[in-house]
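Remarks on the structure that follows.
The values are calculated or read from the model by the stated rules, or taken from the named source; none is laboratory data. Remember, it's a predicted structure, so these values are computed and weren't measured experimentally. Virtual Cβ from ideal backbone geometry, glycine too; neighbours counted across all protein chains shown.
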Amino acid sequence: MARRKKKRGILYRIFRVILLAHLYFWGIVTVLTILYNFINPPVTPLMIQRYLVKGHPIYKRDYIKLENIPQNTQDMLIGIEDGNYYKHFGFEWKMVQEAYQKNKKAGKIRVGGSTISNQLARTIFLTTDRNYFRKYLEVQVTVIMEVFMSKKRKLELYFNYVEWGKGIYGIETASRAYYNKSAAKLDREQSMRMIAILSNPIKYTPHTYANSPSARARMELLRRYF
């Protein structure tokens, strides 16, 4: 009897620690999400990870408002990354199921079935490491961001914080680095190339996208529909 009570006591303490850890995590993410409606994150865990682990420099960042990004560029990004972005609550369950089956077959995480909301969650709050614990945290962050942040604000942050190269974060920074012009002035071909390399921005640039099978496939889709 005493042994059973002791076991229950240990399980209770473990449960309490896990619950408190979740509450602290949710609280921090919620506060930051609310703040990020009005201010831009000065740095992200992804930037720090890339700098410390990979040695990628962090170039001077240029920020651009969503209203200044051409609508066609926005449509391209949504069309290629997350066609139902403005309709779903952060998740596309069909994509998740397909990704699960592919990962199960491969025996490891190869695809994530991520929406724009999921990608932003890990870009702003987590890292790009592929493991189920990060996906678990990503789901929680996504829900919080869906509740406390508008779709347009999330899209603006996405454009300004995702990787577009080694140490290059955001479309404005990337546009100036690759084309020496603002993202507001990108032509159709340049925009397509920028969107195409998001599948592997560390290895390829808008000028070398043709060397990437995934980027070439994305370019074909973009040319067909945009």
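Listing for the model above:
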quantity	calculated
Residue identified as farther than 22 Å from Ala217 by Cβ, surrounded by fewer than 17 Cβ atoms within 10 Å (Cβ to Cβ), at pLDDT 90 or above and touching a helix residue (DSSP H, G or I) at 6+ places or on another chain (Cβ under 9 Å) among Leu66, Leu32	Leu66
Lone qualifier among Ile109, Ile144 - being at pLDDT 80 or above and surrounded by 14 or more Cβ atoms within 10 Å (Cβ to Cβ)	Ile144
Residue satisfying condition, being loosely packed, with under 12 Cβ neighbours inside 10 Å and either over 16 Å from the mean Cα position of the chain (by Cα) or of a type in the set (D, E, K, R) (or both), within set Trp93, Trp26	Trp93
Restricting region 171-203 to residues that are of a type in the set (Ser, Thr, Tyr) and modelled with pLDDT of 95 or more, the residue that is nearest to Thr73 (Cα to Cα)	Ser191
In region 36-59, the residues that are part of a helix (DSSP H, G or I), free of Cβ contacts under 8 Å to residues at least 40 places away in the same chain and exposed (fewer than 12 other Cβ atoms within 10 Å of the Cβ)	Leu52, Val53
Every pair of residues 6+ apart whose Cβ atoms lie under 7 Å, when the first sits in region 203-224 and is more than 20 Å from Asn180 (Cα to Cα) while the second is among the aromatic types (Phe, Trp, Tyr) and outside any helix (DSSP H, G or I)	Asn211/Tyr204; Ser212/Tyr204; Ala215/Tyr204
Condition check for Met76: modelled with pLDDT of 95 or more and within 30 Å of Arg224 (Cα to Cα)	yes
Cross-chain or 6+ apart pairs with Cβ under 6 Å, region 164-191 first and at negative phi, then of a type in the set (Asp, Glu) and assigned to a helix (DSSP H, G or I)	Ala183/Glu172
Which numbered condition Lys154 fails, given (1) surrounded by 15 or more Cβ atoms within 10 Å (Cβ to Cβ); (2) over 20 Å from the mean Cα position of the chain (by Cα); (3) modelled with pLDDT of 95 or more	(2)
Given (1) closer than 27 Å to Gly90 by Cα; (2) in a helix (DSSP H, G or I); (3) not aromatic (Phe, Trp, Tyr), number of the condition Pro201 does not satisfy	(2)
